[in-house]
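Report on one structure; see the data block that follows.
The values are calculated or read from the model by the stated rules, or taken from the named source; none is laboratory data. Since the structure is predicted, the reported quantities are computational estimates derived from the model, not experimental observations. Counting neighbours? That spans all protein chains shown, and the Cβs are built from the backbone with ideal geometry, glycine included.
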Amino acid sequence: MFRKKPIAVALSAVLVLALSLVGCGAKPAATGGEKEVEPIIVKFSHVVTPDTPKGKGALKFKELAEQKTNGKVKVEVYPSSQLYGDKEELEAAQSGNVHIIAPSVTKLVGLNPKFQYTDLPFLFPDNEAVYKFFASDSMKGLMNSLDKFDLQGLAVWPNGFKQFTNSKRPLVTPEDFNGLKFRTQAGKVLEAQFKALGAGSATIPFGETYAALQQGTVDGQENTYNNIDTQKYQETQKYLTVTNHGRIDYMIIVNKSFWAGLAPDIRKALDEAMAEATTYAVEQADLLDRESMKNLKDGGKLQFTELTPAQLGVFQKAMQPVYTEFESVIGKDLIDAAFAAGQK
Ligand code: LMR
């Protein structure tokens with residue numbers, strides 16, 4: 001009788017094993033007998049906590065994107081600078097290591113200094129003006145300016161107006177800033193703003209700001225109620241002055257080549273998911289801004305200083321030199337468009 005040689009037995013066993021392993025990678029689906037396709041992974045990285053407008057918007061996008069593509073896309077959301085912080089996220093998006101990021105627009109200063117419009121003191125009177133500006137041609141122009149970096153702006157999400165906090169004293173007049181040092185997000189406009197108030201400043205990544213405040217590297221910072229609340233800055237700060245002098249809003253940015261390389265039906269579904277997530281993020285921004293203001297007031301750790309219109313006017317005048325210095329950088333047309341959005 002013919003008998004296989006031991007070596008032939010071993011080889012056929014390896015072949016069977018190899019075939020079964022190949023089979024594992026492309027299992028027939030339970031129902032239609034189609035091959036299971038690995039989902040497209042979309043990594044969305046941001047620096048704030050999941051319970052912020054941006055954090056919630058990112059999770060809403062995940063939910064809608066996965067639902068609208070029937071699971072063909074899986075969105076992985078990485079909050080709190082887990083994957084990339086301020087310093088690395090732009091480069092990671094350009095190189096395609098992460099697909100979506102949502103930096104505060106001023107952090108795009110290195111790509112286009114006009115994004116610092118958002119830091120011009122008292123540029124917008126209220127949210128309505130800000131949202132009008134988001135929908136303007138000027139904002140479209142800013143978005144398009146990212147193209148050459150292989151980045152694409154998909155949407156703008158709001159957070160809110162900034163307030164000053166510090167650990168030393170109540171800030172009632174510009175003179176009270178004298179000699180204090182504040183953390184800034186990025187860029188020269190913010191540096192000039194603090195200089196106009198007689199204060200020093202240092203750019204510190206968001207993920208390192210709590211420690212910088214705690215260790216006294218800086219005395220204060222400026223942020224939205226919700227960022228102050230969710231980062232627990234009230235544990236390191238004693239005073240908050242309500243000024244609403246500047247904004248924190250986000251550009252939702254994708255890697256352009258990645259986005260262009262998606263199948264049209266997938267991209268359409270993701271665009272729809274982004275549009276719906278944007279509506280949700282706007283609602284959340286308004287809601288969470290009010291909630292966090294209340295939390296901070298009720299928490300009793302921060303002493304609130306509310307200014308009269310006349311006192312705010314003194315700040316506005318003191319910060320006016322920032323406009324003179326940066327008009328040519330940001331562009332008069334863009335500044336005028338922002339002012340126009342605030343006209344009733
Ligand atoms: C900051 O750095 O303070 C903010 O831009 C953080 C954020 O993403 O809201």
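Worth pointing out:
- Condition check for residue 249: within 16 Å of the ligand (Cβ to nearest atom), over 21 Å from residue 87 (Cα atoms), in contact (Cβ under 8 Å) with a residue 60 or more places away in the chain and within 19 Å of the chain's Cα centre (by Cα): no
- Filter result for residue 337 (hydrophobic (A, V, I, L, M, F, W, C) and over 28 Å from residue 165 (Cβ atoms)): yes
- Flag for residue 193 being under 19 Å from the mean Cα position of the chain (by Cα) and within 16 Å of the ligand (Cβ to nearest atom): no
- Residue in the stretch 121-140 that is within 14 Å of the ligand (Cβ to nearest atom) and either part of a strand (DSSP E or B) or of a type outside the set (S, T, N, Q) (or both) present: no
- Of the residues making up the stretch 202-242, those that are part of a strand (DSSP E or B) and near the ligand (Cβ under 9 Å from one of its atoms) number 3.
- Scan of the stretch 69-103 for residues that are in contact (Cβ under 8 Å) with a residue 40 or more places away in the chain, in contact with a helix residue (DSSP H, G or I) (Cβ under 7 Å, 6 or more places away or on another chain) and basic (Lys, Arg), ordered by number: 72
- Single match in 69, 49 (criterion: surrounded by 10 or more Cβ atoms within 10 Å (Cβ to Cβ), β-branched (Val, Ile, Thr), at pLDDT 95 or above and within 16 Å of residue 273 (Cβ to Cβ)): 69
- Matching residues in the stretch 70-96 - criterion: being under 17 Å from residue 40 (Cβ atoms), more than 15 Å from the ligand (Cβ to nearest atom) and in contact with a Phe, Trp or Tyr (Cβ under 8 Å, 6 or more places away or on another chain): 75, 76, 96
- Answer residue from the stretch 55-76, given it is of a type in the set (Lys, Arg) and assigned to a helix (DSSP H, G or I) and is farthest from residue 38 (Cα to Cα) among those: 56
- Enumeration of residues in the stretch 227-264 that are farther than 17 Å from residue 99 by Cα and among the aliphatic types (A, V, I, L, M): 228, 240, 242, 248
- Cβ pairs under 9 Å, 6+ apart, first in the stretch 222-245 and free of Cβ contacts under 8 Å to residues at least 24 places away in the same chain, second within 14 Å of the ligand (Cβ to nearest atom): 232/210
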